[in-house]
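A.B. asks: Supplied in structure tokens, the structure appears directly below.
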Amino acid sequence: MKILVTGALGFIGKHLVEALKRREGLDVFAMDRSWSDVQLDDALKGVHFIFHIAGVNRPPTSDEFAKGNAGFTEEICRKLVRLGRNPTMVLTSSIQAELDNPYGQSKKAAEHAVAAYSKETGAPAAIFRLKNVFGKWCRPNYNSVTATFCHNIAHDLPIQISDESRELALVYIDDVVAALVSVFEKPPQPGQVEWRNVDKSHEITLGELARRIRSFRQSRQTLFVPDFADEFSRKLYATYLSYLPPSEFAYVLDKKTDQRGVLAEFVKSPPFGQIFVSRTKPGITRGNHYHHTKTEKFMVVEGEAIIRFRNINGSDVVEYPVTGKDFKVVDIPPGYTHSIENVGDGEMVTLFWACEIFDPTRADTYFVNVK
């Protein structure tokens, strides 16, 4: 099956072309502004599906809205009629088609052109009025506030907020692409124009959007990761990371060093707890304390150790030899004083997980030797 994607180098177009090329049996024609009129004619002669993504949203003059949105759509439809072709047409429009402004008027006129094409040729058609789309590869400081906030905050540049209480309706690029591609699984009926939606939408104020993205930037210092149980936070965090300069992908943790070795906090999350990593010198023992409610997990990833336990109400000591070769996880139950001793010849590297973030005012940590 042959597919034509207009606007293939744009934000949505890039993602759609990438998704279509992963599907077997599709021959994808990715049209961009460099195409000639002859190239477009040749592509239209054999395509079965057209994803018409191309459009204009920030032209130098307002009259270019009509030319780039309505005019180009009408041109494609006229060419198809002249060629006697009626491939399925999928148009990405905008919720601004409901507004009385030059951009909205041009998008609405493009919708009318597709509807007229469907009526005249019997072609199936689907129209998506998209909300504000966000995700990786979106151009910042152009027409997406999310892209601008992510880019500027990731680069330590200022952002401007005209009205923090202004509400936005956002749709994620992967959800948009999934909705577009679903036209294959459930195509419109011949001669019918179907209005389709992206199922998942996220509402947020400008002020809250900025606050969340700033918290992502600050997370390298606070070590707090977003609440990934919230789907929108997962999508927004992925978007933010895509705007980091490649030179800033890595960062160094704050290390605490003493005679035993080095300890660093890695990540924190109120629902999850936190993870530490440590390097411990040979012959050194860490721990010799117990907790009433706090639980932990230990995993040695390099070196050799013995993890010891003793119920604080008893005298029997239980020992667990562990090595970095095994990736063995040891649970630390409450009410057991416990320790971990480096019994190898070199440094021991250990991952520690605790079910709660350490709070020195209620540490739930009581020092008692295991043996």
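The values are calculated or read from the model by the stated rules, or taken from the named source; none is laboratory data. Since the model is a prediction, treat every value here as computed from it, not as a measurement. Reconstructed Cβ throughout: ideal geometry from the backbone, glycine too, with neighbour counts over all protein chains shown. The accessibility values were calculated without ligands, DNA or RNA, using every heavy atom of the protein model including side chains. Shrake-Rupley method; radii C 1.70, N 1.55, O 1.52, S 1.80 Å.
A.B. asks: Would you check which residues across the range 150-170 are under 24 Å from Gly104 (Cα atoms) and crowded, with 18+ Cβ neighbours inside 10 Å and list them?
C.D. replies: Leu170
A.B. asks: To continue, here is another question. Go through (1) touching a residue at least 60 places away in the same chain (Cβ under 8 Å); (2) assigned to a helix (DSSP H, G or I); (3) not charged (D, E, K, R) for Tyr237 and report which single condition fails.
C.D. replies: Against the list (1) touching a residue at least 60 places away in the same chain (Cβ under 8 Å); (2) assigned to a helix (DSSP H, G or I); (3) not charged (D, E, K, R), Tyr237 comes up short only on (1).
A.B. asks: Leu236 fails exactly one of the following numbered conditions: (1) open to solvent by less than 90 Å² (accessible area, probe 1.4 Å); (2) over 30 Å from Thr88 (Cα atoms); (3) modelled with pLDDT under 95. What is the number of that condition?
C.D. replies: Condition (3) is where Leu236 drops out.
A.B. asks: Follow-up. Select from the range 314-327 the residues that are open to solvent by 90 Å² or more (accessible area, probe 1.4 Å) and closer than 15 Å to Asn369 by Cβ and list them in ascending order.
C.D. replies: Of everything in the range 314-327, those that are open to solvent by 90 Å² or more (accessible area, probe 1.4 Å) and closer than 15 Å to Asn369 by Cβ turn out to be Ser315, Asp316, Glu319.
A.B. asks: Let me ask something additional. Identify, please: which residue in the range 240-269 is assigned to a loop (DSSP other than H, G, I, E, B) and hydroxyl-bearing (Ser, Thr, Tyr) and is, among those, surrounded by the fewest Cβ atoms within 10 Å (Cβ to Cβ)? Show your work before the answer.
C.D. replies: At the first step, the residues of the range 240-269 found to be assigned to a loop (DSSP other than H, G, I, E, B) are 242-245, 249-254, 259-260.
Now narrow it down to the ones that are hydroxyl-bearing (Ser, Thr, Tyr): 242-243, 251.
Details: Ser242: 15, Tyr243: 21, Tyr251: 8.
Checked the range 240-269; the qualifying residue surrounded by the fewest Cβ atoms within 10 Å (Cβ to Cβ) is Tyr251.
A.B. asks: Considering only residues that are out of contact with any Leu (no Cβ under 9 Å at 6 or more places or on another chain), surrounded by 15 or more Cβ atoms within 10 Å (Cβ to Cβ) and under 22 Å from Ser215 (Cβ atoms), which ones fall in the range 270-292?
C.D. replies: Correct list: Phe272, Gly273.
A.B. asks: Tally up the residues in the range 328-347 that are crowded, with 19+ Cβ neighbours inside 10 Å and under 35 Å from the mean Cα position of the chain (by Cα), please.
C.D. replies: 1
A.B. asks: Go through (1) assigned to a strand (DSSP E or B); (2) out of contact with any helix residue (DSSP H, G or I) (no Cβ under 8 Å at 6 or more places or on another chain) for Phe327 and report which single condition fails.
C.D. replies: Among (1) assigned to a strand (DSSP E or B); (2) out of contact with any helix residue (DSSP H, G or I) (no Cβ under 8 Å at 6 or more places or on another chain), the lone unmet condition for Phe327 is (1).
A.B. asks: Which residues, counting only those in the range 166-200, are under 23 Å from Glu18 (Cβ atoms), part of a loop (DSSP other than H, G, I, E, B) and touching a residue at least 12 places away in the same chain (Cβ under 8 Å)?
C.D. replies: Residues satisfying the conditions are Pro187, Asn197, Val198, Asp199, Lys200.
A.B. asks: Could you please find all residues in the range 298-313 being part of a loop (DSSP other than H, G, I, E, B) and either open to solvent by less than 40 Å² (accessible area, probe 1.4 Å) or not aliphatic (A, V, I, L, M) (or both)? Explain how you work it out, then say what you get.
C.D. replies: Going residue by residue through the range 298-313, those that are part of a loop (DSSP other than H, G, I, E, B) are 303, 312-313.
Listed by number, the residues that qualify are Gly303, Asn313.
A.B. asks: Restricted to the range 136-150, and to residues that are among the β-branched types (Val, Ile, Thr) and touching a Leu at 6+ places or on another chain (Cβ under 8 Å), which residue is nearest to Gln160 (Cα to Cα)? Break it down into steps so the answer makes sense when it comes.
C.D. replies: If we filter the range 136-150 for residues that are among the β-branched types (Val, Ile, Thr), which is where we start, we get 145-146, 148.
The next check asks that each one be touching a Leu at 6+ places or on another chain (Cβ under 8 Å); those that pass are 145-146.
On the way: Val145: 10, Thr146: 12 Å.
So, considering only residues that are among the β-branched types (Val, Ile, Thr) and touching a Leu at 6+ places or on another chain (Cβ under 8 Å), the one nearest to Gln160 (Cα to Cα) is Val145.
A.B. asks: Sort out which residues of the range 129-165 are more than 18 Å from Phe232 (Cα to Cα) and touching a helix residue (DSSP H, G or I) at 6+ places or on another chain (Cβ under 6 Å), and write them in order of number.
C.D. replies: Arg129, Pro140, Asn141, Ile153, Ile159, Ile161, Glu164
A.B. asks: Based on this model, can you work out whether Glu231 counts as open to solvent by 30 Å² or more (accessible area, probe 1.4 Å), within 29 Å of Asp345 (Cα to Cα) and among the acidic types (Asp, Glu)?
C.D. replies: Values: open to solvent by 30 Å² or more (accessible area, probe 1.4 Å): yes; within 29 Å of Asp345 (Cα to Cα): no; among the acidic types (Asp, Glu): yes.
It is false that Glu231 is open to solvent by 30 Å² or more (accessible area, probe 1.4 Å), within 29 Å of Asp345 (Cα to Cα) and among the acidic types (Asp, Glu).
A.B. asks: Within the set of pairs 6+ apart or on separate chains, which have a first residue in the range 116-131 that is of a type in the set (Asp, Glu), a second that is outside any loop (DSSP other than H, G, I, E, B) and open to solvent by 40 Å² or more (accessible area, probe 1.4 Å), and C-beta atoms under 9 Å apart?
C.D. replies: Qualifying pairs under 9 Å: Glu120/Val81.
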